[in-house]
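All remarks here apply to the structure that follows.
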Amino acid sequence: MSVPDPVVVGVDYGTLSGRAVVVRVGDGAELGSAVHEYAHAVLTEALPDGTPLGVDWALQVPSDYIDVLRHAVPAAIEAAGVDPARVIGIAADFTACTMVPTLADGTPLSELPQYAGRPHAYIKLWKHHAAQGQADRINELAARRGEAWLPRYGGLISSEWEFAKGLQLLEEDPEIYGAMRHWVEAADWIVWQLTGEYVRNACTAGYKGILQDGQYPSAEFLAELNPDFATFVADKLDHPIGQLGARAGSLTAQAAAWTGLPEGIAVAVGNVDAHVTAAAGDALRPGQMVAIMGTSTCHVMNGSELREVPGMCGVVDGGIVAGLWGYEAGQSGVGDIFGHFVSRHVPADYVAAAQAAGISVHEHLTRLAAAQPIGAHGLIALDWHSGNRSVLVDHELSGVLVGETLATKPEDIYRALIEATAFGTRTIIETFAKAGVPAEELIISGGLAKNTMLMQIYSDVTRLPLSVITSEQGPALGSAIHAAVAAGAYPDVPAAAAVMGRVARNVYTPDEAAAAAYDELFAEYTTLHDYFGRGANKVMRRLRAIQRAATAKVEATA
Ligand SMILES: Nc1ncnc2c1ncn2[C@@H]1O[C@H](COP(=O)(O)OP(=O)(O)O)[C@@H](O)[C@H]1O
Ligand SMILES: O=C(CO)[C@@H](O)[C@@H](O)COP(=O)(O)O
């Protein structure tokens with residue numbers, strides 16, 4: 001039955017909230033949206049029952065995701081003022097790699113009363129960085145054995161991904177590991193809740209699950225890591241794969257009741273918040289690097305050839321769109337770093353001044369910093385407060401600020417931190433270019449796009465034009481585009497993106513004088529980056545070890 005003037009719903013699951021957007025299929029117009037904050041946010045210090053967590057843990061609670069379906073989706077439909085009968089499809093994208101340990105029927109282990117006090121029964125959020133030890137062992141062994149898949153991940157597997165997190169689970173809580181039937185990406189878990197069927201999406205399986213050319217790491221490799229890990233793929237991970245934009249199934253009666261949408265409509269295969277955004281910017285061609293800049297930054301770009309880029313997150317055939325090699329890189333901390341500075345290091349008089357001006361502390365610091373000549377603050381920072389995802393792939397790295405004096409002001413540091421993240425992006429772009437995957441344009445989405453000083457700094461530092469995805473809900477729009485394809489309204493994702501994508505071209509262009517001034521600072525950044533990040537001085541790793549030992553002592557005496 002065809003529906004007149006159909007609409008679709010895209011749901012974007014972020015780090016702290018989920019957002020739903022209602023989009024008209026015919027032209028991509030966004031008719032309404034709504035946000036729902038997760039009640040439990042991110043668990044970093046303790047479980048809901050008070051059980052303490054270790055250093056670098058980051059967990060989530062699955063009912064928070066269902067609440068997004070129950071609240072944000074109906075609220076978005078209401079805001080759009082459309083009859084739910086016009087909705088022909090829904091799609092969701094998620095942070096990744098965010099992993100849910102479940103029973104055979106998809107029940108998360110943390111929902112079983114007997115496991116409510118067990119940290120490993122909970123969802124490990126993408127920024128759970130406590131599996132670095134396991135990642136190091138995976139990388140060492142893979143390099144020693146010359147595993148063919150390792151170059152597809154830039155030579156290093158991240159502690160954020162399925163294997164490192166799964167191995168940590170096995171080694172630290174074997175009982176929970178034994179009770180787990182599926183180790184499920186949250187992107188697929190939510191689709192499972194919508195359709196009643198578990199379909200593993202090709203994007204996370206490739207980037208986060210080491211599925212290359214139809215194969216996972218071998219049982220021999222896994223056994224060498226830990227004999228009990230030998231059957232990890234067969235027992236916990238392997239599952240039929242769904243391609244991006246395909247229909248995973250139909251909305252169940254239960255999910256229809258949660259969302260207020262018609263039972264039986266198309267539900268698209270799950271996707272990752274970063275990769276799905278390329279469709280929202282109609283940026284699916286080689287050379288178009290999409291940067292999703294919020295809490296963290298993800299960089300995704302298609303290429304027509306397979307290349308090995310050192311330190312990239314990965315390259316996956318069809319990982320962004322069918323028919324092209326999808327490349328991904330990222331910076332684990334970006335907006336998070338500015339947020340940390342704002343909440344922990346800004347004096348009360350700055351907060352009061354921002355309040356008096358009716359602006360956020362971010363905006364206040366930005367205004368103060370914007371007038372400075374480049375380099376006037378005398379500072380260089382390293383943007384590793386949440387570790388380094390690309391190109392060093394090391395989450396034991398931490399932040400650095402060089403040049404602080406008694407004259408340094410908060411806005412100086414704020415600007416230096418922004419510049420550091422821009423230098424981090426340039427490092428990624430240069431590494432891609434050297435490997436034969438050049439970026440010609442940056443297409444920006446995410447919360448940081450609203451900071452015009454920051455955007456101009458990125459254009460100057462990278463010497464690239466910046467286009468901006470005009471939707472405030474870039475990933476959710478990307479999901480809506482995938483929903484339209486899954487519902488059969490368009491033949492493929494590029495065709496839908498060409499009509500439904502939203503982008504303003506060349507909003508920022510590089511200023512050559514500024515770019516030249518940044519070259520000098522970037523050279524200093526690179527010196528520090530290589531010194532602390534490439535093994536000349538492993539002080540950051542030693543400090544982490546000291547921190548872990550000190551924390552363990554406190555826990556033991558508690
Ligand atoms: N004016 C600003 N300039 C720079 N960063 C900002 C500004 N306002 C908020 N932030 C940072 O932006 C991040 C949130 O980005 P957003 O895209 O909304 O979230 P998410 O990545 O979770 O989807 C936070 O980390 C916050 O510290
Ligand atoms: O790592 C990925 C994608 O691969 C992201 O999901 C992760 O960085 C979280 O992104 P957000 O900062 O929540 O947008």
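Here are some notes:
- When 234, 280, 329 are checked against the criterion of being in contact with a Cys (Cβ under 8 Å, 6 or more places away or on another chain) and touching a residue at least 12 places away in the same chain (Cβ under 8 Å), a single residue qualifies: 329.
- Taken over segment 92-105, the residue count meeting the criterion of being part of a loop (DSSP other than H, G, I, E, B) and either surrounded by 19 or more Cβ atoms within 10 Å (Cβ to Cβ) or within 16 Å of ligand 2 (Cβ to nearest atom) (or both) is 4.
- Counting only helices (runs of 4 or more DSSP H) that sit completely within segment 463-543, those holding 1 or more residues that are over 17 Å from residue 380 (Cβ atoms) and among the charged types (D, E, K, R) correspond to 512-533.
- Restricting 318, 387, 287, 303 to those that are over 19 Å from residue 202 (Cα atoms) and out of contact with any His (no Cβ under 9 Å at 6 or more places or on another chain) reduces the list to 287.
- Within segment 437-467, being more than 20 Å from residue 328 (Cα to Cα), in contact with a strand residue (DSSP E or B) (Cβ under 6 Å, 6 or more places away or on another chain) and either surrounded by fewer than 20 Cβ atoms within 10 Å (Cβ to Cβ) or free of Cβ contacts under 8 Å to residues at least 40 places away in the same chain (or both) holds for one residue alone: 456.
- Qualifying residue in segment 66-78 (condition: more than 27 Å from residue 197 (Cβ to Cβ), touching a strand residue (DSSP E or B) at 6+ places or on another chain (Cβ under 6 Å) and in contact (Cβ under 8 Å) with a residue 12 or more places away in the chain): no
Residues are listed down the side, and each one gets a yes or a no for (1) over 30 Å from residue 120 (Cα atoms); (2) assigned to a strand (DSSP E or B); (3) within 16 Å of ligand 2 (Cβ to nearest atom):
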position	(1), (2), (3)
19	no, yes, yes
22	yes, yes, no
55	no, no, no
63	no, no, no
68	no, no, yes
74	yes, no, no
90	yes, yes, no
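- Here the helices (runs of 4 or more DSSP H) wholly within segment 248-359 that include at least 1 residues being within 13 Å of ligand 1 (Cβ to nearest atom) and crowded, with 22+ Cβ neighbours inside 10 Å are 273-280, 335-344.
- The number of residues in segment 234-247 that are part of a loop (DSSP other than H, G, I, E, B) and aliphatic (A, V, I, L, M) comes to 2.
- Any hit, segment 410-421, residues being of a type outside the set (A, V, I, L, M) and surrounded by fewer than 21 Cβ atoms within 10 Å (Cβ to Cβ): yes
All of the numbers you see were taken from the coordinates with simple rules; none came from a lab. The model shown is predicted, which means the values in this text are computed figures rather than measured ones. Methodologically, a virtual Cβ is constructed for each residue, glycine included, from the backbone with ideal geometry; neighbour enumeration extends over all protein chains shown.
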